[in-house]
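The values are calculated or read from the model by the stated rules, or taken from the named source; none is laboratory data. Quick caveat: nothing in here was measured; it's all calculated off a predicted structure. Here the Cβ positions follow ideal geometry from the backbone for every residue, glycine too, while neighbour counts run over all protein chains shown.
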Amino acid sequence: MTKFYTTKGDDGYTGLLGEGRVPKNDRKMEAIGALDEANACLGVARSICQPEAEKQTLLHIQRDLYYLMSEVASTPETAERFRKIDAERVSWLEEKTDRLSELVEVPKEFIIPGDIYSAAVVDHARTVVRRAERRLADLYFAGELENIQLLRYINRLSSYCFVLEIFLHKEDGAGKISLAKERKSG
């Protein structure tokens, strides 16, 4: 029988990808936790997203997030070995965002989530992605993360989620998006 626990973390510490252990509340672990949550939220979004092209894009993004987490979990000595997120991956995500943005009109007001379930799930994922971005920025400004492409990628991911939310409103056919500022009729 395979055991699904090791007991190595019972002391409140966890291992890095390389030599060393850190407390589970270390800023690297906080960033990895936020990225893991973002990945889970994007998985829920992918499970209910209807357009097949966007399901596939979300799957690729989820894989990228695992690469991103690996690099964050690495030590300075092993970081290069885990580096998969680069300017090319950022460009790929920009292309996906641009493609969707050509199909929608961005509202001039803040969107209030909840009109369409799939769009609300994507909006929730966007907020978790933004938290992950703050955690990565914390690492970067503390000198614990050198690959600026990780920050660029996660920043573009929040933009992709925003445009996907609007796109899902359009695709659902509802057309109506609740906005923070109510439009006056008549």
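Let's see how each residue does on (1) touching a helix residue (DSSP H, G or I) at 6+ places or on another chain (Cβ under 6 Å); (2) surrounded by 16 or more Cβ atoms within 10 Å (Cβ to Cβ):
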residue: LYS8; (1), (2): no, no
residue: GLY15; (1), (2): no, no
residue: ILE32; (1), (2): yes, yes
residue: CYS41; (1), (2): yes, yes
residue: ALA45; (1), (2): yes, yes
residue: CYS49; (1), (2): yes, yes
residue: LYS55; (1), (2): yes, no
residue: LEU58; (1), (2): yes, yes
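Being at positive phi and in contact (Cβ under 8 Å) with a residue 40 or more places away in the chain, is that true of even one residue in the range 61-69? Within the range 61-69, not a single residue is at positive phi and in contact (Cβ under 8 Å) with a residue 40 or more places away in the chain.
Scanning the range 78-87 for residues that are part of a helix (DSSP H, G or I) and either within 17 Å of HIS169 (Cβ to Cβ) or not hydrophobic (A, V, I, L, M, F, W, C) (or both) yields a count of 2. Checked against the criterion of being outside any loop (DSSP other than H, G, I, E, B), of a type in the set (A, V, I, L, M, F, W, C), modelled with pLDDT under 95 and on the phi < 0 side of the Ramachandran plot, the candidates ALA119, ALA132 yield just one match: ALA119. Among the residues of the range 29-51, those that are modelled with pLDDT under 95 and either under 23 Å from LEU151 (Cα atoms) or not hydrophobic (A, V, I, L, M, F, W, C) (or both) comprise MET29, GLN50, PRO51.
Can you confirm whether the range 88-102 contains a residue that is outside any helix (DSSP H, G or I), surrounded by fewer than 20 Cβ atoms within 10 Å (Cβ to Cβ), touching a residue at least 12 places away in the same chain (Cβ under 8 Å) and more than 17 Å from the chain's Cα centre (by Cα)? Within the range 88-102 (the criterion being outside any helix (DSSP H, G or I), surrounded by fewer than 20 Cβ atoms within 10 Å (Cβ to Cβ), touching a residue at least 12 places away in the same chain (Cβ under 8 Å) and more than 17 Å from the chain's Cα centre (by Cα)), the answer is no, since none of the residues qualifies. In the set (1) under 24 Å from the mean Cα position of the chain (by Cα); (2) assigned to a loop (DSSP other than H, G, I, E, B), GLU37 fails one condition alone, (2).
The residue that is farthest from LEU65 (Cα to Cα), counting only those in the range 144-165 that are surrounded by 16 or more Cβ atoms within 10 Å (Cβ to Cβ) and either modelled with pLDDT under 95 or of a type in the set (D, E, K, R) (or both), is GLU165. List every residue pair whose Cβ atoms lie under 9 Å apart, where the two residues are 6 or more positions apart in sequence or sit on different chains, the first residue falls within the range 72-85 and is without any contact (Cβ under 8 Å) to a residue 24 or more places away in the chain and more than 13 Å from ARG27 (Cα to Cα), and the second residue, located anywhere, is of a type in the set (A, V, I, L, M, F, W, C) and buried (at least 19 other Cβ atoms within 10 Å of the Cβ). Listed pairs, sorted by first residue: LYS84/LEU68.
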